[in-house]
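Q: Structure incoming, see below.
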Amino acid sequence: MTNLELYNNAFVESLGVDEAELEELEYQKNPAWDSVGHMGLVAALEDAFDIMMDTDDIIDLSSYKKGKEILGKYDVTF
Amino acid sequence: MIDDFYAYSPYELDAAAKSRLLTGELKRLTAFHREHSPEYAGFLRTVGYDEDKVEKASDIPFFPVRMFKEFDLISIDRSEVFKTLTSSGTTGQSVSKIFLDKQTALSQQKVMARILGDFWGKKRIPLLVIDTPAVLRDRKMFTARGAAVLGLSVIARDTVYVLNDDMSLNTDRLREFLEKYGSQPFTVFGFTFMVWQHFYKELLKTDERFDLSQAFLMTGGGWKKLVDSAVSHSEFKRCITETTGITHFLDHYGMAEQTGCIYAECECGHLHASIYSDVFIRDPEDFSLCPNGTKGIIQVVSALPGSYPGHSLLTEDEGIILGEDDCPCGRKGKYIEILGRMKSAEIRGCSDTYADKFR
């Protein structure tokens, strides 16, 4: 799988959202992505890319788009 | 703005530097809440607030914490509320309702992460929660208990709940967790009373020995119940060490009304104020400031409450400032001791309502 596929997959699987919704997806805007869902998402991303995110990055992960930027810090490029 | 604080580590500033940073932010918050909360504006009128006379944080009027139980105090549009925090109260006693917008909730998490990071390092470590996953089941209405657990999960990795829904200890899950992580630093978190009742006492009943010597035990709330059952702070620690091998203790003082700004216990057993908050002790007779070393009512100020007027509060707790900028642990700022609830105050610790069931 490409990084984009892995990335999308982590969102779809952990939050149970549709792939079509991803581009506009924001933390707390979708009922599935609340603070509890957030922890599941972080775990899924960490597993998918075999990384360990810093606390600040976890807190800053506020949208699907922002997440791509943050993963750049961990040498994950799209 | 709160972002100005992030340039510093949580215990880096001495009294003068901290006062400059914090007083400015508290003045800004006071003006903001006056404009957006009619109840708060009324309160400021009553006490005759004059911003020009504010020179230090203790000059900001203190709002009785009880007001959050009597009124819905909110400084944002209701449509911006995305989480309502309550000091848990399942037993019919009145609860505080705290309305959070996204920004305030975010700063609460960031600040708690920074404060705790100062104690156990920047790296996220596994978390064993002495509670049931049920604390998070209602995702819209968190109690302070749920919020604390959730706040910590962000800072940790791999959160495991060690109690079953009926509050019994799940020794299988505990064993699994320790096999996986027992040989490296990890955090154990629970409210003091629950650690005692559902963890320590249950461990005493089993023949199996569990080695938790690598753990930081983070506790909070509910000391009053233990004092009632004649367990002192030091007795608590001694018993826990004997049974689990835990030697790193991190108790903390905090409240739902100022979530995020916790007062965490250092290696010397002192509770420290970070740069994000401060504490003053007031004489119960005339509310004048008490010198360090004198006991009185605790006033807390915090730079975080942006969505509700909770940035300067008079609590119902009694405490002492032990010193400032000179704790042997090296952290700057005030360090305090909490003596408990004021005698006349209604019992209202967030784990205390739960503990009431055990009377």
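Computed from the coordinates by the stated procedures, all read-outs in this text should not be read as laboratory data. Nothing here was measured: the structure is a model prediction, and the numbers come from that model. In this analysis, Cβ positions are derived from the backbone assuming ideal geometry, glycine residues included, and neighbour counts consider all displayed protein chains.
Q: Quick check on the stretch A:3-72: what are the equivalent-ellipsoid semi-axes from the Cα gyration tensor, as sqrt(5λ), descending, whole Å?
A: Working: eigenvalues 51, 37, 25 Å².
Ellipsoid half-lengths, sorted descending, are 16, 14, 11 Å.
Q: Picking from B:Ala147, B:Ala57, B:Ala31, which is most flexible by a Gaussian network model of chain B using Cα springs under 10 Å?
A: Maximum among the listed residues: B:Ala31.
Q: Then there's this: Would you tell me the mean number of C-beta atoms belonging to other protein chains that fall within 10 Å of each C-beta in B:80-86, as a whole number? Can you show the working numbers first?
A: On the way: counts 0, 0, 5, 3, 0, 0, 0.
Mean shielding count: 1.
Q: Okay, next question. With r as the distance between the Cβ atoms of B:Glu208 and A:Asp75 and R0 = 35 Å, compute the FRET efficiency 1/(1 + (r/R0)^6) and round to 0.05.
A: On the way: r = 43 Å, r/R0 = 1.24.
Efficiency for this residue pair is about 0.20.
Q: Then there's this: Which percent, nearest 5, of DSSP beta bridges in the protein assembly as shown are antiparallel? Mind showing how you got there, number by number?
A: Values: 31 of 54 bridges.
Around 55 percent antiparallel, to the nearest 5.
Q: Set Lys and Arg Cβ to +1 and Asp and Glu Cβ to -1, take the dipole of the stretch A:3-72 about its Cα centre, and tell me which of A:Met53, A:Ser63, A:Tyr7 lies farthest positive.
A: After comparing all options, I get A:Ser63.
Q: For peptide B:124-130, how many partner chain Cβ atoms fall within 10 Å of a residue's Cβ, on average?
A: Details: counts 7, 0, 0, 0, 0, 0, 0.
Per residue, the average neighbour count from other chains is 1.
Q: Once you've got the GNM for chain B with C-alpha springs shorter than 10 Å, pick whichever of B:Ser302, B:Ser274, B:Ser288 has the biggest mean-square fluctuation.
A: In this elastic network of chain B, the residue with the biggest mean-square fluctuation among B:Ser302, B:Ser274, B:Ser288 is B:Ser288.
Q: When A:His38, B:His272 are ordered from fewest to most other Cβ atoms inside 10 Å of their Cβ, what list results?
A: Numbers: A:His38 21, B:His272 26.
Fewest to most other Cβ atoms nearby, the residues stand as A:His38, B:His272.
Q: Then there's this: Under a 10 Å cutoff between Cα atoms, tell me which one of B:Val54, B:Val160, B:Val301 has the largest fluctuation in the Gaussian network model of chain B.
A: Maximum among the listed residues: B:Val54.
Q: How are the C-alpha pair distances of the stretch B:3-123 spread across 5 Å bins, as whole percents from the shortest bin up?
A: Spelled out bin by bin, the stretch B:3-123 gives 2, 9, 15, 17, 19, 18, 13, 5, 2, 0 percent.
Q: I'd like the GluC sites (Glu not before Pro) in the stretch B:307-346 restricted to DSSP loop residues with at most 16 other Cβ atoms within 10 Å, sorted by number. Provide the component values of the computation, followed by the final result.
A: On the way: sites: B:Glu316, B:Glu318, B:Glu324, B:Glu337, B:Glu346; in loops: B:Glu346.
Filter output for the stretch B:307-346: B:Glu346.
Q: I would also like to ask the following. Write down the Kirkwood hydrodynamic radius of the stretch B:2-352, to one decimal in angstroms, obtained as one divided by the mean of 1/r over all alpha carbon pairs.
A: On the way: mean 1/r = 0.0481 Å⁻¹.
After inverting the mean inverse Cα-Cα distance, the result is 20.8 Å.
Q: Moving on to the next point. Among B:Ile2, B:Ile321, B:Ile262, which comes first, second and so on when ranked by fewest other beta-carbon atoms within 10 Å? Provide the component values of the computation, followed by the final result.
A: Numbers: B:Ile2 17, B:Ile321 21, B:Ile262 28.
Final ranking by Cβ density, sparse to dense: B:Ile2, B:Ile321, B:Ile262.
Q: Rounded, prolate or oblate: which fits the protein assembly as shown when a ≥ b ≥ c are the square roots of the eigenvalues of the alpha-carbon gyration tensor, with rounded for a/c under 1.5 and prolate only if a/b beats b/c? Kindly include the intermediate steps, with their values, before the conclusion.
A: Working: a/c = 1.61, a/b = 1.16, b/c = 1.39.
Oblate.
Q: Residues of A:47-56, mean number of Cβ from any other protein chain within 10 Å of their own Cβ, rounded to a whole number?
A: The shielding value for this peptide is 3.
Q: For chain B, with only Lys/Arg (+1) and Asp/Glu (-1) charged at the beta-carbon, what is the dipole magnitude about the Cα centre, in debye rounded to 20? Don't skip to the answer; put the middle values down first.
A: Working: 44 positive and 51 negative charges, 139 e Å.
Around 660 debye, computed over chain B.
Q: May I ask which of B:Lys110/B:Lys180; A:Lys68/B:Lys97; B:Lys237/B:Lys332; A:Lys29/B:Lys56; B:Lys56/B:Lys97 have a Cα-Cα span longer than 32 Å here? Numbers along the way, then the final one.
A: Numbers: B:Lys110/B:Lys180 28 Å; A:Lys68/B:Lys97 36 Å; B:Lys237/B:Lys332 25 Å; A:Lys29/B:Lys56 39 Å; B:Lys56/B:Lys97 28 Å.
Pairs exceeding the cut-off: A:Lys68/B:Lys97; A:Lys29/B:Lys56.
Q: Further question on the same structure: Neighbouring Cβ atoms within 10 Å as the yardstick, rank B:Ser9, A:Ser35, B:Ser58, B:Ser87 fewest first.
A: Numbers: B:Ser9 15, A:Ser35 21, B:Ser58 18, B:Ser87 25.
Going from least to most buried by this count: B:Ser9, B:Ser58, A:Ser35, B:Ser87.
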